[in-house]
């Protein structure tokens with residue numbers, strides 16, 4: 001299982017899912033790590049965030065007799081300071097938890113990569129699928145949930161922090177009556 005970098009989790013929790021998604025796009029990950037159709041509704045206020053390495057569980061129907069059965073309950077198997085990501089068998093009902101799960105059916109396997117195929121309404125364009133592997137980092141807040149590839153977490157957090165400072169300068173300019181285009185050109189290089 002992935003080693004937990006507590007200092008990196010602390011830094012990640014200071015960012016929003018939107019900031020991290022923007023940094024992922026800027027660093028070449030076109031989908032921005034966004035796990036579509038997933039929101040952290042259980043968070044009590046806008047400042048709460050769930051962050052840490054992913055521990056993935058794919059649920060199967062109770063009638064499935066061919067999928068492997070783990071030797072222990074997935075909650076017991078989830079290491080401390082990891083985010084439990086559960087994919088249910090019907091549609092996209094994936095849940096980020098810092099373990100406080102609801103046990104629906106036995107999981108098929110523990111710690112396997114999950115490919116999440118969003119199911120957008122017919123009136124919207126299809127969203128890309130995203131694969132979340134064990135050890136990828138997740139950040140979930142009221143804006144949504146993003147996945148950061150394990151090998152790029154520090155790079156993405158560094159970039160998101162830098163972009164956040166620039167965004168703060170843009171906000172300050174706008175509060176003083178400045179224009180968006182001028183301020184963004186000055187602070188974001190756009």
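The values are calculated or read from the model by the stated rules, or taken from the named source; none is laboratory data. The shown structure was predicted, so the numbers you read here are calculated from the model rather than taken from an experiment. So basically every Cβ, Gly included, is an ideal-geometry build from the backbone, and we count neighbours across all protein chains shown.
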(request) Among the residues of region 133-189, write down those that are surrounded by 13 or more Cβ atoms within 10 Å (Cβ to Cβ) and assigned to a loop (DSSP other than H, G, I, E, B). (result) 133, 134, 135, 136, 142, 143, 149, 178
(request) Output the qualifying pairs, or none if there are none: Cβ atoms under 8 angstrom, residues six or more apart or on different chains, first residue in region 53-72 and farther than 26 Å from residue 35 by Cβ, second residue modelled with pLDDT of 80 or more and surrounded by 12 or more Cβ atoms within 10 Å (Cβ to Cβ). (result) none
(request) Just need a number here: residues in region 49-80 that are under 19 Å from the mean Cα position of the chain (by Cα), farther than 12 Å from residue 134 by Cβ and part of a loop (DSSP other than H, G, I, E, B). (result) 2
